[in-house]
Amino acid sequence: MRGPQRPAPFPDGDPPLELTTFVGRSAELAELAAALGEARLVTVTGVGGVGKSRLAARAAAGWGSGVCGRVELAPVRDPQFVEYAVVESLGLTDHTTRLPRETLLEHLAGRPVLLVLDGFEHLVEGCAELAAELLRRLPGLKVLAAGRRPLGLAGERLVPLAPLDEDAAVELFTDRAREQGLTVSDGPEVRELCRRLEGIPLALELAAGRLRALSPGQLLQRLDDRFRLLTAGGRSEVMRPVPGGPPSRHQTLRTAIGWSHELCTPAERLLWARLSVFAQSFDLEAAEYVCSGDGLPAEDVLDLLSELLAQSVVGREDTPAGPRYRMLDTVRAYGADWLEAAGDAGRLRRRHRDWFLGLATWCELDWFSPRQHEIAERVEAELPNLRAALESCLTEPDEAHLGQCLAGSLWFCWVGCGRLAEGRRWLERSVELESEYEQSRLKALWVLGYVAILQGDTVPALAALRECREQAEQVADPTALAYAEHRTGCLALVSDDMQHAETLLRSALERYHEIGELNSNVLMGQVELAMTRAFQGDLPEAVRLCKDVRQVCEDHGERWARSYALYVLAYAAWQDGDPAGARELLADCLDHAHAFRDLLAEVLSLELLALVTATVGGAAEAAVLQGAAGRMWPSVGLPLFGSAYYNAPHERCETLARQALGDARYEECLAEGGRLDRVTAVARALRRDGGRPLDALPSPRGVEASLRGAGNRAAGSHRPALSERPDLPAT
């Protein structure tokens, strides 16, 4: 079973369209398209609920070829996370210590890109600074922003978005009624209601959500009562209008939301306020736990949520992680005001934190199971809430240990799902804090060391692991000691100190056995031990170790650690003269590594697959794969860790390919591979791009004839027979 796919750029520049019908706006779409054709920075401005996000999404859907990414910034609170959000929206992955901005600049250079920044108004300064630099350094970039105010940059083209005209407003209102199975005719009351709501789409949808209980005439009467109170100088929840004058559009929307709020039952209003604690989307289980209690039984949450859904206060969406719910930012903000006014915000934030700490703990345990892919999808969906929980823990003086525990428990997300840079940031923040709970900090330290190793940052990695080991010995924590020793062995492995790596890894595995620890990390330790044996020439022992790992993984449904075991088994198969078997193992490895966005396993698989391909006479394709791997390595770290052991298959492949193709043709194929993006490169390696399957390449028996022809192009070249292939260098 394959793992999840993290959101990627919209293919061919086409973001998904809305689930509900898009009404009107043809003139506005044309104006926006023209603006995008003339300017590189276009900002759609307007009041909340006027439809800025939907217009921007529709315009992006009609954009031409290239990369298109939409960044939803409403749930982002820390300005430093703006760049991470942009990287994520474009489906980019980088395991190095580079800043996200550097990743953006490198990956987007020379490419046509449309970047949609949605809901940036609370992060104007950070978004403006990032957009200015990206636009200055990326000639192919266009930015389409949607917010309540401009970014304020030179060259910014503004497209103010007015509410719907009366006919479009009536069409929207009646359409939303029809979606509920109701028939509402265009008539004087409907038109007056739409005029009173000033054509603001969100206000119209909230009103339409009330049609099951009230007629358009009743809706109009209740709304008029609200407006009379407002214009008479009565107190609004938010602000007063100018005495004697009509309400502003902002006040109209807030009044419409407040009016919808008043029409809710007390229990519905209570749930509305409590749901505002979620950073973005949420599922039913989370809502039942976080929002229940103190007057709201958990068993009532589903019915109340269904009512809020019917009233358009809450929206529903289907995701790979299952059904999820969300409120628009304006509606959420209204609920948050009520939650603060009730003095219950602190308690709800703690319940939110507790739920997501528990979720992370459960996901960590369940990572080692057949549900591994589901866990990755679940964590992907919950990242905004997990970030909010981390931020809450790391800013409260007495909750540092909870932040350390949460950051450490998410190791599988940082390492196994391609989020090393973000994980590093949270882990470093957590270990800087003092905590009376040493166990939590020790876990964060070894996870930090692990992340830094994978980023190729050896000095901080060694410092974190040494501190973890010393503290673990002082407090007699056998689990932390085993992990610190294991990861130090991993560091020795990628540093070419094979004998020391073997000693540390064997010791760590013994410690794991003594404390009864068995999970994906433990299995990775056994794979890493197998690598040390392979690199020292003991292939039978390496195969034995990895076959054992593979069996345990298959027994438990584990796929992540299994990929690395397949990599070692594929190398052994190649050494034994079985390129077909090696290719099959590598395809399996690459498929799952790509699904989990594990760049290290991906690029190692591509490198070895290139060698296998060269072995069976596919020199040109091997060079293309090497070029694709070469493009990926800067996002992983130092190519092949700077290790002579890991580099040996690469050098062997290059030798074979150059002998077969000649230098000029080899460099040409290498450059072709270097132009492939990661997704295309993996599809090509797995032959999902419609190209010639690798199985159709010449067999080893037919290789010599093709190489003899290559020898005419490269005088003096010689390809050793399979039996002449050297092993990887030994210590």
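The values are calculated or read from the model by the stated rules, or taken from the named source; none is laboratory data. Bear in mind that the values here come from a model prediction, so they are computed numbers and not experimental data. Don't worry about glycine lacking a Cβ; one is built from the backbone with ideal geometry, like all the others, and counts go over all protein chains shown. Accessible surface is based on the protein model in full, side chains and every heavy atom, while ligands, DNA and RNA are left aside. Shrake-Rupley method; radii C 1.70, N 1.55, O 1.52, S 1.80 Å.
Right, residue 115: touching a residue at least 12 places away in the same chain (Cβ under 8 Å), part of a strand (DSSP E or B), open to solvent by less than 20 Å² (accessible area, probe 1.4 Å) and closer than 20 Å to residue 635 by Cβ or not? I'd like the intermediate steps shown before the answer.
Values: touching a residue at least 12 places away in the same chain (Cβ under 8 Å): yes; part of a strand (DSSP E or B): yes; open to solvent by less than 20 Å² (accessible area, probe 1.4 Å): yes; closer than 20 Å to residue 635 by Cβ: yes.
It is true that residue 115 is touching a residue at least 12 places away in the same chain (Cβ under 8 Å), part of a strand (DSSP E or B), open to solvent by less than 20 Å² (accessible area, probe 1.4 Å) and closer than 20 Å to residue 635 by Cβ.
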### Query
Counting only residues that are farther than 17 Å from residue 461 by Cα and touching a residue at least 24 places away in the same chain (Cβ under 8 Å), which one in the stretch 489-512 is most open to solvent (accessible area, probe 1.4 Å)?
499
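Please count how many residues of the stretch 99-112 are under 27 Å from residue 427 (Cα atoms) and either crowded, with 22+ Cβ neighbours inside 10 Å or in contact (Cβ under 8 Å) with a residue 12 or more places away in the chain (or both).
First, pick out the residues of the stretch 99-112 that are under 27 Å from residue 427 (Cα atoms): 99-107.
From what is left, the residues that are either crowded, with 22+ Cβ neighbours inside 10 Å or in contact (Cβ under 8 Å) with a residue 12 or more places away in the chain (or both) are 99-101, 103-107.
Number of matching residues: 8.
Restricting attention to the stretch 622-648, which residues are over 22 Å from residue 96 (Cβ atoms) and surrounded by 24 or more Cβ atoms within 10 Å (Cβ to Cβ)? Steps first, please.
Taking the stretch 622-648 and keeping what is over 22 Å from residue 96 (Cβ atoms), we get 622-624, 648.
Result: 622, 623, 624.
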### Query
What number goes with the only condition from (1) surrounded by 19 or more Cβ atoms within 10 Å (Cβ to Cβ); (2) at pLDDT 85 or above that residue 3 does not pass?
(2)
### Query
Which residue out of 30, 39 is surrounded by fewer than 19 Cβ atoms within 10 Å (Cβ to Cβ), without any contact (Cβ under 8 Å) to a residue 24 or more places away in the chain, out of contact with any helix residue (DSSP H, G or I) (no Cβ under 7 Å at 6 or more places or on another chain) and among the small types (Gly, Ala, Ser)?
30
### Task
Can you tell me which residue among 214, 164, 158, 220 is assigned to a helix (DSSP H, G or I) and surrounded by 14 or more Cβ atoms within 10 Å (Cβ to Cβ)?
220
### Message
For the list (1) open to solvent by 10 Å² or more (accessible area, probe 1.4 Å); (2) within 22 Å of residue 592 (Cβ to Cβ); (3) small (Gly, Ala, Ser), I need the number of the one condition that residue 392 fails.
### Response
(2)
### Message
Of everything in the stretch 575-618, what is among the hydroxyl-bearing types (Ser, Thr, Tyr) and either within 33 Å of the chain's Cα centre (by Cα) or open to solvent by 10 Å² or more (accessible area, probe 1.4 Å) (or both)? Give them in sequence order.
### Response
605, 613
### Summary
When the stretch 267-305 is checked residue by residue, the ones that are assigned to a helix (DSSP H, G or I), without any contact (Cβ under 8 Å) to a residue 60 or more places away in the chain and small (Gly, Ala, Ser) are 267, 287, 298
### Query
Looking at the stretch 434-466, which of the residues that are touching a Lys or Arg at 6+ places or on another chain (Cβ under 8 Å) and farther than 21 Å from residue 636 by Cβ is surrounded by the most Cβ atoms within 10 Å (Cβ to Cβ)?
446
### Task
Test residue 270 against the criterion of being open to solvent by 10 Å² or more (accessible area, probe 1.4 Å), aliphatic (A, V, I, L, M) and farther than 18 Å from residue 386 by Cα, and give yes or no.
yes
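Looking for whichever is among the hydrophobic types (A, V, I, L, M, F, W, C), modelled with pLDDT under 95 and more than 22 Å from residue 418 (Cα to Cα) here; the options are 572, 542. Which one fits?
On the way: 542 fails: modelled with pLDDT under 95.
From the options 572, 542, the qualifying one is 572.
Considering each residue of the stretch 588-616, count those that are closer than 15 Å to residue 561 by Cα and not aromatic (Phe, Trp, Tyr), and give that number.
So the first thing to find is which residues in the stretch 588-616 are closer than 15 Å to residue 561 by Cα, and the list is 588-602, 604-605.
Filter once more, so that each one left must be not aromatic (Phe, Trp, Tyr): 588-595, 597-602, 604-605.
Here the count works out to 16.
From the list 311, 280, which residue is surrounded by 17 or more Cβ atoms within 10 Å (Cβ to Cβ), in contact with a Pro (Cβ under 8 Å, 6 or more places away or on another chain) and within 27 Å of residue 210 (Cβ to Cβ)? Break it down stepwise before answering.
Values: 311 fails: in contact with a Pro (Cβ under 8 Å, 6 or more places away or on another chain).
Residue meeting the stated conditions: 280.
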#### Entry: Scope the stretch 310-329; condition part of a strand (DSSP E or B) and either at positive phi or in contact (Cβ under 8 Å) with a residue 60 or more places away in the chain (or both); matching residues
317, 319, 322
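Residues are listed down the side, and each one gets a yes or a no for (1) open to solvent by 40 Å² or more (accessible area, probe 1.4 Å); (2) touching a residue at least 60 places away in the same chain (Cβ under 8 Å); (3) not hydrophobic (A, V, I, L, M, F, W, C):
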residue: 353; (1), (2), (3): no, no, yes
residue: 377; (1), (2), (3): yes, yes, yes
residue: 381; (1), (2), (3): no, yes, no
residue: 399; (1), (2), (3): no, no, yes
residue: 410; (1), (2), (3): no, no, no
residue: 418; (1), (2), (3): no, yes, yes
residue: 422; (1), (2), (3): no, yes, yes
### Message
One residue is enough: does the stretch 320-342 have a residue meeting the conditions open to solvent by 20 Å² or more (accessible area, probe 1.4 Å) and under 30 Å from residue 549 (Cβ atoms)?
### Response
yes
### Message
List pairs: first residue in the stretch 609-637 and free of Cβ contacts under 8 Å to residues at least 24 places away in the same chain and farther than 24 Å from residue 597 by Cβ, second residue surrounded by fewer than 23 Cβ atoms within 10 Å (Cβ to Cβ) and not charged (D, E, K, R) anywhere in the structure, Cβ distance under 8 angstrom, at least six positions apart or on different chains.
### Response
none
### Answer residue from the stretch 521-542, given it is buried (at least 23 other Cβ atoms within 10 Å of the Cβ) and among the polar types (S, T, N, Q) and is nearest to the chain's Cα centre (by Cα) among those
521
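Out of 451, 379, 459, which single residue is more than 26 Å from the chain's Cα centre (by Cα), of a type in the set (Val, Ile, Thr) and part of a helix (DSSP H, G or I)?
Working: 451 fails: more than 26 Å from the chain's Cα centre (by Cα); 379 fails: more than 26 Å from the chain's Cα centre (by Cα).
Just one listed residue meets the conditions, 459.
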### Message
Can you list residue pairs whose Cβ atoms sit under 6 Å apart, with the first residue in the stretch 153-174 being among the aromatic types (Phe, Trp, Tyr) and the second being assigned to a helix (DSSP H, G or I)? Count only pairs 6 or more apart in sequence or on different chains.
### Response
173/194; 173/204; 173/208
### Query
When only residues in the stretch 424-433 that are in contact with a helix residue (DSSP H, G or I) (Cβ under 6 Å, 6 or more places away or on another chain) and open to solvent by 10 Å² or more (accessible area, probe 1.4 Å) count, which is farthest from residue 85 (Cα to Cα)?
433
### Message
Restricting to the stretch 649-660, give me the number of residues that are within 20 Å of residue 601 (Cβ to Cβ), open to solvent by less than 20 Å² (accessible area, probe 1.4 Å) and either under 31 Å from the mean Cα position of the chain (by Cα) or aliphatic (A, V, I, L, M) (or both).
### Response
0
## Note on the structure
Those residues of the stretch 54-85 which are open to solvent by 50 Å² or more (accessible area, probe 1.4 Å) and within 30 Å of residue 110 (Cβ to Cβ) amount to 58, 62, 65, 70, 72, 79, 80
